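See structure below.
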Amino acid sequence: MANIIILGSAYPLRGGGMATFNERLARELLSEGHQVTIFTFSYQYPSFLFPGKSQYTDELPPKDLNIHVKVNSINPLNWLKVGQEIRKLRPDVLIIRYWIPFMAPCLGSIARLVKKNNHTRIIAITDNVIPHEKRWFDAILTKYFINQMHGFVTMSASVLNDLKSFNVSEHRYSLCLHPIYDNYGEPVPQIQARETLNISKDDSVVLFFGFIRAYKGLDLLIEAFASETLRSLPISLLVAGEFYASPAPYLKMINELKLNDKIILHNHFINSDLVKNYFCASDLVAQPYKEATQSGVSQIAYHFNIPMVVTRVGGLPEMVPHLKVGYVVDPDPEAIAQAIADYFTKNQKKQFQEGIESEKKRFSWSNLTNTILKQAEASTDNHPPTGSDG
């Protein structure tokens, strides 16, 4: 069994993405008999990079995880201290989550120090290699980070292709699709979920879930609900999540398109214990993204057996087979509207839920842990990365 450190977001940072994933990964590794410690951020984002209301959760700390709150993303002296500490601890594997170039100096510098113990294998789980919101210095920072890693695990083919563009050697990467988020509790009856959220029991409900950013295409979904295809159907749109962009353009659209009676706004961070209610209250999950890598929202929908309509971008088509668990359409309002209308008018729920049950087998956490450990083992048999590789 291995001694493993995960370096990335975790409690007391809010869940909903990175923190939830890292904590679930730690639990899977623990269940397999490994020794697991998480090193998380004492300071993650400066305020100008965090558009939400708070980076920290008000939920209780997990009692089953060993979490060290130590990493300051903007303090090089801290990177030196943390890197030296992990180097001396000599874990067999250091798993680093990488999602934006801003983190490259911090995470890359820590990894560079840890490598000096000539023992620890450093594997990056790369959610993004090229970020959704691009800046001129992204490639420079990402290349620095890549050069410090022994190996990589990506969770979509699109991210793997981005990684290959940095000339990473073939033996240094593996692909494993994003596992299902099965840590939000068991499903509850739809009537009960709607009562909890104070949502009408009469209309069908389409759910848009998660942080609201421009690339996620909420504007396309609002336009879809304004189309003649959907306007006359008894279907409501439930938007659940905190705005990470100005809400003004979306609210203006809703008013101008006269959709106030069709759209339910719950625009705040959704605590973990309430997530199940939003999915179980819904009949269909919509992800009208304009660009994407992989999506945790799809993997929550899988857990709660809710069919999906997603757009044909990034890794979404890999995760949501068309006409088996939902629809894959172009990022276009009318295409989205047609898919939603087809689902409800043809009563596709039962058929798609049967597809979901069979597809779930592709998305296990044990697949991910096996991939990480095999990649760490493979990197041991090859020369460590150098400045010219990547």
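Listed by chain and number, the lysines placed with their C-alpha closer than 26 angstrom to that of K361 are K276, K324, K349, K350, K374; residues fewer than eight positions away on the same chain are left out. Of G33, G355, G17, the residue with the greatest mean-square motion in the GNM of the chain, using alpha carbon springs below 10 Å, is G33. Given the options Q192, Q353, Q44, which has the most mean-square fluctuation in a GNM of the chain, springs set between C-alpha atoms less than 10 angstrom apart? Of the options given, Q192 has the highest mean-square fluctuation. What the phi angles of segment 192-208 give under the Karplus curve with 6.51, -1.76 and 1.60, with θ = phi - 60°, is a coupling list of 5, 4, 5, 4, 4, 8, 6, 10, 4, 7, 7, 6, 6, 10, 9, 9, 10 Hz, glycine and proline written as x.
Couplings 3J(HN,Hα) for segment 240-246, derived from phi with the Karplus relation 6.51 cos²θ - 1.76 cosθ + 1.60 (θ = phi - 60°), are 10, x, 7, 5, 9, 8, 4 Hz, where x marks Gly and Pro. As an equivalent ellipsoid, the chain spans semi-axes of 38, 21, 20 angstrom, where each value is the square root of five times an eigenvalue of the C-alpha gyration tensor, largest first.
Between S366 and M1, 0.36 nm times their residue separation minus their Cα-Cα distance comes to what? Gain on extension, S366 to M1, equals 129.9 nm. Full extension of the chain between K252 and E28 gives 76.2 nm of extra length, using 0.36 nm per residue less the Cα-Cα distance.
In this structure, E357 and F211 have a Cβ-Cβ separation that, at R0 = 25 Å, corresponds to a calculated FRET efficiency of about 0.30. Placing a pseudo-label 7 Å from each Cα along the Cα-to-Cβ vector at E334 and E195 gives an inter-label distance of 4.4 nm. In whole Å, what is the distance between the alpha-carbon centres of segment 239-274 and segment 72-103? For segment 239-274 versus segment 72-103, the Cα centre distance is 37 Å. Under 5 Å from the amide H of L259 lies no amide H of any residue 5 or more positions distant or on a separate chain, with H modelled from the backbone and absent for Pro and chain starts.
The HN-Hα couplings worked out from phi for segment 336-350 by the Karplus form 6.51 cos²θ - 1.76 cosθ + 1.60 (θ = phi - 60°) are 5, 4, 4, 5, 4, 4, 4, 4, 7, 6, 9, 6, 8, 4, 4 Hz, whole numbers, x standing for Gly and Pro. Globularity index of segment 190-362 is 0.94 (Cα radius of gyration / 2.2 N^0.38 Å, N = number of residues).
Every number here is computed from the coordinates shown, using simple stated rules; none is lab data. Model, not experiment: these values are computed from the prediction. Neighbour counts are summed over all protein chains in view; Cβ atoms, including those assigned to glycine, are modelled from backbone coordinates with ideal geometry.
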